[in-house]
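Student: Here you go, one structure.
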Amino acid sequence: MGRELPSIDLRVRADVDRDAVARSIIEAQPDATISPTMLSPYGLHISGAGDPRALPGYDQGAFAVQEEGAQLIGLLLRAEPGERVLDACAGRGGKTAQLLEAVGDSGSVVAADLHEHRLEQISEELARLRLDPSRLETACVDWTVGRGPVRGEFDRVLVDAPCTGLGTLRRRPEILLRAGHEDGARMGETQRRMLENAATLVRPGGTLLYAVCSPLTQEGSRVVESADLPGFELQVGRASHLKSLYFGSDGGLGVGPWVEGAGPWADAYQVYMWVNVG
Ligand SMILES: C[S@@+](CC[C@H](N)C(=O)[O-])C[C@H]1O[C@@H](n2cnc3c(N)ncnc32)[C@H](O)[C@@H]1O
């Protein structure tokens, strides 16, 4: 008997019927269990379906493999058609594709990262998802030291920062093998510098979003309290378009298994959002 892969979430493209995708997967994999995610309107939670690349719809780009919490971070940014968006820590582009889809044919995305080899993998995924690569620019940047070659102002900037990853222990328990008690503080200092540099590219009236997949305060509230972000106003209260999600009185929004509607499998994130009112 083959080894079963852990459960996964899919993000179905906004112009594709989520229920139809679920039906076609169940037809192909009758032993799989599949349910719509409760918080992301585009997600499907699947277990027992095997390799997602073999599922119907994959080759046609009907969905991306993306954990529900990660989907929510992209959605919280609220990118609109026609906007210019910076995905400051794009990595292999998990959220870049989501943002490109949101800004549509009249918008554009700049995907930046420290590691060029990660950025190089984005174009293949965009092609699979039928997203126009001409609306994407990539840039190699070390945000701890500055803005690199990135120029101009952005309507929205996402800082999906490198972190200890302690919010992903369900999927990656090996993280505990190398976790040390100073990691949070060390990462927090890196995250603060990255956030401050990326924030300088937000246009007046634009939005800045900071996210880490870690529950540590050193990577969340302490970064936010220590960051020098002149003219930025921290958002509090309900994330209007996503039920159950609230930015607390300190601006922090925690996503994880404890949030109503999230499954016990959910990764844990901390998210903060500002508007540049300066
Ligand atoms: C949490 S991951 C990003 C995941 C990605 N946004 C996604 O949705 O798939 C953080 C990324 O930050 C990048 N990174 C780490 N240090 C950096 C730095 N100093 N400047 C820019 N990017 C950095 C890492 O290479 C990594 O790809």
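Student: Check GLY165 against each of (1) surrounded by 15 or more Cβ atoms within 10 Å (Cβ to Cβ); (2) away from the ligand (no atom under 14 Å from the Cβ) and name the one condition it does not meet.
Tutor: (2)
Student: Here is a further query. Are any residues in the stretch 98-118 surrounded by 20 or more Cβ atoms within 10 Å (Cβ to Cβ) and near the ligand (Cβ under 9 Å from one of its atoms), and if so, which ones?
Tutor: GLN98, ALA111, ALA112, ASP113
Student: Scan the stretch 70-97 for residues that are away from the ligand (no atom under 13 Å from the Cβ) and assigned to a loop (DSSP other than H, G, I, E, B) and jot them down.
Tutor: ARG78, ALA79, GLU80, PRO81, GLY82, GLU83
Student: Something else about it: Across the stretch 242-265, what is the total count of residues that are in contact with a Phe, Trp or Tyr (Cβ under 8 Å, 6 or more places away or on another chain), among the small types (Gly, Ala, Ser) and surrounded by fewer than 17 Cβ atoms within 10 Å (Cβ to Cβ)?
Tutor: Of the stretch 242-265, the ones in contact with a Phe, Trp or Tyr (Cβ under 8 Å, 6 or more places away or on another chain) are 247, 251-257.
Now restrict to residues that are among the small types (Gly, Ala, Ser): 251-252, 254, 256.
Add one more test, that the residue is surrounded by fewer than 17 Cβ atoms within 10 Å (Cβ to Cβ), and what stays is 256.
Of the residues in the stretch 242-265, 1 are in contact with a Phe, Trp or Tyr (Cβ under 8 Å, 6 or more places away or on another chain), among the small types (Gly, Ala, Ser) and surrounded by fewer than 17 Cβ atoms within 10 Å (Cβ to Cβ).
Student: While we're on this one: Of all residues in the stretch 56-69, count the ones that are open to solvent by 10 Å² or more (accessible area, probe 1.4 Å) and either out of contact with any Ser or Thr (no Cβ under 7 Å at 6 or more places or on another chain) or in a helix (DSSP H, G or I) (or both).
Tutor: Residues that pass the stated criteria total 7.
Student: State which residue is nearest to LEU99 (Cα to Cα) when the search covers only the stretch 27-52 and only residues that are open to solvent by 60 Å² or more (accessible area, probe 1.4 Å) and part of a strand (DSSP E or B).
Tutor: Within the stretch 27-52, the match that is nearest to LEU99 (Cα to Cα) is PRO36.
Student: Give me the pairs, please: first residue somewhere in the stretch 205-216 and touching a residue at least 60 places away in the same chain (Cβ under 8 Å), second residue anywhere and assigned to a strand (DSSP E or B) and within 11 Å of the ligand (Cβ to nearest atom), beta-carbon distance under 6 Å, and either six or more positions apart or on two chains.
Tutor: Qualifying pairs under 6 Å: LEU209/LEU158; TYR210/VAL159; ALA211/ASP160; ALA211/TYR269; CYS213/TYR269.
The values are calculated or read from the model by the stated rules, or taken from the named source; none is laboratory data. This structure is a prediction, so every number in the text was calculated from the model and none was measured. Don't worry about glycine lacking a Cβ; one is built from the backbone with ideal geometry, like all the others, and counts go over all protein chains shown. Ligands, DNA and RNA are stripped out before the accessible areas are found, and what is left, the full protein with its side chains, is counted by its heavy atoms. Shrake-Rupley method; radii C 1.70, N 1.55, O 1.52, S 1.80 Å.
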